[in-house]
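Notes follow once the structure below has been shown.
A short reminder: the numbers here are calculations on the coordinates, not readings from a lab. The model shown is predicted, which means the values in this text are computed figures rather than measured ones. Please note: Cβ atoms are built from the backbone with ideal geometry, for glycine as well, and neighbour counts cover all protein chains shown.
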Amino acid sequence: MSFVTRFAPSPTGYLHLGHAFSALTAFDAAQAAGGRLLLRIEDLDRGRCRPEYEAAIFEDLTWLGIKWTEPVRRQSEHMHEYQVALNTLIARGLAYRCFRTRKEVAEAIASAPHGAAEEAFRGEALPSAEEATRLSRGEAFAWRLSLTRARAALGDAFETLNFEDETGAVRAEPERLGDVVLARKDFPASYHLASVLDDALQGVTHVIRGEDLREAAHLHVLLQALLNLQTPRYRHHRLILGDDGKRLAKRDAASTVRSLRQAGATPADVRAML
Ligand code: GLU
């Protein structure tokens, strides 16, 4: 079986040790399997992404000895594909407009009946007259996936959604994430929608990424079923923590690949640190 994996950073800062670990883990797995590593630039959030960070990604990965198969896929160049997928979900009645602010979503979650998945928002479309009024006022909204409608659309298949990861076969529980945002007015695709589509369009057979995204797989499997896409295998790796025991963030300047290199570290040193 062919083995295609990917490293999918967002160019919103310099790569840090956590990214290096992810990229090296994926690269090593591809090498061991005689497969390929693809590189995808997740630059949907135009306000936070910068070309110099993208250039730095290529430079830092090359310095680490990581090779990927061209072409690099840049999400900002594929907005149309995300839009088509979103429209399909909307046309099938699987998505609804949500006009709630962040604060209102948080309040709705807090007052949800006991037992509802923590932090998982569930909502529904507004009555059409109210929706029309809000739209005519130009109010901002997000398209959310309706879990209720998705369950109805898939029928029994919803109950048997599953994926494989390093722990074995996992029964998918998309309820854990609730009605996720698929797109915003100023932001035509969410991470979830774009990443699921890209993995399929790029022929990714193995998704290798940090365990902070373990929960996301439960939703991604549902999106794959709704959009008729293959489910890849998943492998979630441990996260690299800073000296304070917290996971690294792009603002931790001292642990960027760049600053380690400037301080005289070699790629082998970086591997050893991980
Ligand atoms: N762009 C995501 C990140 O930088 C990676 C998402 C993924 O691997 O699915 O965290």
Run the numbers for A125 and D156: contour at 0.36 nm per residue of separation, minus the present Cα-Cα distance, in nm. 8.8 nm
Need one number: the % of Cα-Cα pairs in segment 215-266 sitting beyond the 12 Å mark. 75 percent
Assuming R0 = 41 Å, what is the FRET efficiency of R92 and W63, from their Cβ-Cβ distance, to the nearest 0.05? 0.35
One would report the antiparallel percent of DSSP beta bridges in the chain, rounded to the nearest 5, as 50 percent
Neighbour net charge for T69 - beta-carbon separation under 13 angstrom, K R +1, D E -1: +4
Taking a quarter of the surface of the convex hull around the Cα atoms of the chain, what do you get in nm²? 16.2 nm²
Within segment 31-99, report the trypsin sites (Lys or Arg not before Pro) that DSSP leaves as loop and that have at most 10 other Cβ atoms within 10 Å. R46
Paramagnetic label zone (point 7 Å from Cα along Cα-to-C-beta, T133; backbone N under 16 Å) in segment 85-112: 99-100
Counting only DSSP beta bridges with both residues in segment 85-214, tell me the antiparallel percent, nearest 5. 90 percent
Once every DSSP H run of n ≥ 4 in the chain is given -39500 (n - 2.57) and the sum is divided by its residues, what mean residue ellipticity at 222 nm do you get, rounded to the nearest 500 deg cm²/dmol? -12000 deg cm²/dmol
Shape box of segment 177-220 [Cα atoms, principal axes, largest first, Å]: 32, 23, 14
If only Cα atoms are counted, what is the Rg of segment 54-163, and what is its Dmax, in Å? 19.7, 58
If you filter segment 102-172 for trypsin sites (Lys or Arg not before Pro), then keep DSSP loop positions with at most 15 other Cβ within 10 Å, what is left? R137
Expressed as a fraction of 2.2 N^0.38 Å, the rule-of-thumb size for a compact globular protein of N residues, what is the C-alpha radius of gyration of segment 3-113? 1.39
Expressed in nm to one decimal, what extension gain is obtained for the pair A265 and R100 from 0.36 nm per residue of sequence separation less their Cα-Cα distance? 54.6 nm
Lysine-lysine proximity count for the chain, Cα under 29 Å, sequence distance 8 or more or distinct chains: 5
How large is the translational diffusion coefficient of segment 135-274 in µm² per second when you combine the Kirkwood radius over alpha carbon pairs with Stokes-Einstein at 37 °C and 0.692 mPa s? 186 µm²/s
